[in-house]
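Some notes on the structure that comes next.
The values are calculated or read from the model by the stated rules, or taken from the named source; none is laboratory data. The structure presented is a predicted model; accordingly, all values stated were derived computationally and were not measured. Here the Cβ positions follow ideal geometry from the backbone for every residue, glycine too, while neighbour counts run over all protein chains shown.
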Amino acid sequence: MTRAVVKQYDFVTAFLNAPTDREIFMEQPQGHVKRGYEDWVCLLKRSIYGLRQSPRNWNSTLHLALVEFGFQRCIKDEALYWIRVESRLVLLPIYVDDILIIGCEEDVDFIAAKLMARFNMKELGTVNYLLGLQIEYKPERHVIFRQTKYVQDIMQKFHMDAAYPVSIPMTTDAVKLIPATEDEQKRDERLPYRSLVGCMQYLVIGSRPELATAIRILSKFLNKYSAVHWRAAKRVLRYLIGSQDMGLHYDLVEARKSEKLHVEVYTDANFASEGGDMKSVSGFTVYCNGQLISAKSWKQDIIAESTCEAELIAANTGAHDAVWLEQLVDELQLPRVATELYCDSSSARELMKHAGKHRRTKQLRIKDLKIREYVAENGMVVKPVASKENVADMLTKPLPVETFRRHRAQLGVRASGSAAMSGADESSWHEKNAE
């Protein structure tokens with residue numbers, strides 16, 4: 001699928017296509033009461049909007065139709081369907097009543113025609129806006145995801161239109177933030193802190209993964225915040241004001257250089273770094289052919305006794321995401337090479353490769369050693385990476401300006417036409433770490 005088209009479709013009154021899965025009665029609607037039968041009720045035959053089971057009934061109806069057309073539902077992602085038409089792959093992701101059909105134009109139009117014969121469906125053309133994401137798709141060059149309009153809406157909602165922008169979302173001393181006292185909480189409880197943090201969370205999963213650390217830190221204080229935390233949250237918004245045109249870039253030219261898919265995962269941990277609980281923070285990024293697939297920043301659920309243990313927990317969790325992607329690629333019958341995992345801790349790398357009981361590692365949980373199985377049986381390759389080149393570092397703690405900008409570019413977040421990191425520069429970064 002080297003030059004695929006991506007067309008968007010919308011089902012009109014989707015839920016009404018689905019029959020009910022049980023006997024349901026309803027009162028006659030106002031203005032449509034039948035004379036002489038005022039005390040009668042209606043037997044509902046279709047899943048109307050407002051019923052709790054309507055979304056599930058619609059999903060089941062659409063699923064049966066797609067299976068009838070020859071599609072298979074992905075085991076690893078039940079919102080993704082796929083089919084091969086004369087060896088050509090066609091993908092069909094769904095979100096309630098919105099679908100995309102991805103493949104060569106002839107196949108896409110053929111499948112859309114079959115669906116339109118079954119359902120009332122509108123074609124919206126090449127995808128450019130979906131679920132709050134502005135999408136720029138150039139088949140020969142790139143895909144860009146932006147949320148500029150969403151950022152502008154947040155700015156207006158919190159009256160920050162005229163605020164001065166800043167270079168980074170959070171200063172390095174933000175890890176010292178502590179929960180507000182009861183008096184501070186009562187004094188500042190009217191501040192819309194929860195609302196602002198909640199609005200910015202969607203940016204992290206949409207097109208701005210570089211915000212993950214800042215939003216994770218702010219989210220710790222949703223129940224105990226004060227004016228100090230409010231100012232920290234507003235700083236993130238000021239960062240967005242200056243970078244609202246940035247988006248997540250996927251370089252299709254670079255991605256197509258390899259005939260096989262190549263999964264890479266970068267992991268890192270910040271040992272006992274935040275708060276009084278002494279728990280470590282983990283981060284990982286997963287790439288496919290040099291393009292970001294997933295990124296995560298989270299606090300570990302146990303207290304690690306050493307940097308090695310913290311790094312091992314982070315690597316194990318990052319490997320889970322990489323294995324999920326491997327299984328999805330295999331299910332779609334796409335060729336791939338062995339996955340590479342990059343970690344900047346030599347002791348953690350040795351524990352991943354070699355089994356053995358050591359005095360300081362006896363307490364490691366079995367689930368945190370799952371990565372050994374991935375290395376021994378799945379063929380995952382563990383490699384070193386310099387700490388300053390480990391992009392996962394930005395998901396474990398706030399960074400100074402230059403380091404933050406460098407890792408942000410490595411994630412693929414930049415403005416259109418930005419010279420922060422061209423496709424060639426990003427390619428050389430991956431190649432450098434692969435050596």
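So that you can scan it fast, the table gives a plain yes or no per residue for (1) outside any loop (DSSP other than H, G, I, E, B); (2) at pLDDT 95 or above; (3) touching a Gly at 6+ places or on another chain (Cβ under 8 Å):
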{"position": "Phe145", "(1), (2), (3)": "yes, yes, yes"}
{"position": "His159", "(1), (2), (3)": "no, no, no"}
{"position": "Glu184", "(1), (2), (3)": "yes, no, no"}
{"position": "Arg190", "(1), (2), (3)": "no, no, no"}
{"position": "Arg194", "(1), (2), (3)": "yes, yes, no"}
{"position": "Val197", "(1), (2), (3)": "yes, yes, no"}
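Of all residues in region 390-417, those being surrounded by 14 or more Cβ atoms within 10 Å (Cβ to Cβ) and either outside any helix (DSSP H, G or I) or at pLDDT below 95 (or both) number 9.
This table checks each residue for (1) closer than 23 Å to Phe284 by Cβ; (2) in contact with a helix residue (DSSP H, G or I) (Cβ under 6 Å, 6 or more places away or on another chain); (3) of a type in the set (Ser, Thr, Tyr).
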| position | (1), (2), (3) |
| --- | --- |
| Ile144 | no, no, no |
| Gln147 | yes, yes, no |
| Asp153 | no, no, no |
| Lys157 | no, no, no |
| Val166 | no, yes, no |
| Lys176 | no, no, no |
| Arg190 | no, no, no |
| Ala212 | yes, yes, no |
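Of all residues in region 147-157, those satisfying the criterion of being of a type outside the set (Asp, Glu), out of contact with any Pro (no Cβ under 9 Å at 6 or more places or on another chain) and assigned to a helix (DSSP H, G or I) are Thr148, Lys149, Tyr150, Val151, Gln152, Ile154, Met155, Gln156.
In this entry, Thr126 passes the filter for residues that are of a type in the set (Ser, Thr, Tyr), touching a Lys or Arg at 6+ places or on another chain (Cβ under 8 Å) and more than 30 Å from Leu196 (Cβ to Cβ). Across region 296-327, the qualifying residues are those that are surrounded by fewer than 17 Cβ atoms within 10 Å (Cβ to Cβ) and either touching a Ser or Thr at 6+ places or on another chain (Cβ under 7 Å) or hydrophobic (A, V, I, L, M, F, W, C) (or both), and the one among them that is nearest to Ile371 (Cα to Cα) is Trp324. Considering each residue of region 18-38 in turn, none proves to be in a helix (DSSP H, G or I), exposed (fewer than 14 other Cβ atoms within 10 Å of the Cβ) and at pLDDT 90 or above.
Among the residues of region 55-70, what is the count of those that are part of a helix (DSSP H, G or I) and either under 13 Å from Phe119 (Cα atoms) or touching a strand residue (DSSP E or B) at 6+ places or on another chain (Cβ under 9 Å) (or both)? Selection size over region 55-70: 10. Within region 129-143, the set of residues being hydrophobic (A, V, I, L, M, F, W, C) and not in a loop (DSSP other than H, G, I, E, B) comprises Leu130, Leu133, Ile135, Val143. Residue pairs whose Cβ atoms lie under 9 Å apart, separated by 6 or more positions or on different chains, with the first residue in region 283-302 and free of Cβ contacts under 8 Å to residues at least 24 places away in the same chain and the second surrounded by 22 or more Cβ atoms within 10 Å (Cβ to Cβ), are Asp301/Ile313. Residues of region 217-231 that are part of a helix (DSSP H, G or I) and surrounded by 21 or more Cβ atoms within 10 Å (Cβ to Cβ): Ile217, Leu218, His229. For region 228-262, the set of residues classified as touching a helix residue (DSSP H, G or I) at 6+ places or on another chain (Cβ under 7 Å) and among the β-branched types (Val, Ile, Thr) consists of Val236, Ile241, Val253, listed by residue number. When Leu91 is tested against the conditions (1) outside any helix (DSSP H, G or I); (2) surrounded by fewer than 15 Cβ atoms within 10 Å (Cβ to Cβ), the lone failure is (2). For region 225-234, the condition holds for no residue, the condition being that it is under 26 Å from Phe284 (Cβ atoms) and hydroxyl-bearing (Ser, Thr, Tyr).
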